[in-house]
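Reviewing the structure listed below.
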Amino acid sequence: FTPKIGEEYHLYEKEGQKILSFISPNEWGKSMPYDQFLATVLLLADRTWEVRVEHDKNGLIQI
């Protein structure tokens, strides 16, 4: 898919590969098919990404 400006996406990792998804970690529940949630990001008008929520070893960090 092609990400749209102004939309939020969720970044995951599976087997070392980064994957962008429409689906948040809460929506997956226990059936999340990825190894790890990395961040929630927003695509800006200049085509750069703003990190909204980041995951680290201690949990989620609101940015």
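The values are calculated or read from the model by the stated rules, or taken from the named source; none is laboratory data. Predicted, not measured: the structure shown is a model, and the values here were computed from it. Every residue, glycine among them, receives a Cβ derived from its backbone with ideal geometry; neighbour counts consider all protein chains shown.
Numbers below:
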item	result
Residues that are within 22 Å of Thr2 (Cβ to Cβ) and not hydroxyl-bearing (Ser, Thr, Tyr), drawn from segment 13-36	Glu13, Lys14, Gln17, Lys18, Ile19, Leu20, Phe22, Ile23, Glu27, Pro33
Within segment 13-37, tally of residues that are at pLDDT 95 or above, surrounded by 13 or more Cβ atoms within 10 Å (Cβ to Cβ) and among the aromatic types (Phe, Trp, Tyr)	1
All positions within segment 26-50 that are touching a residue at least 24 places away in the same chain (Cβ under 8 Å) and within 17 Å of Glu13 (Cα to Cα)	Gln36, Phe37, Leu38, Ala39, Thr40, Val41
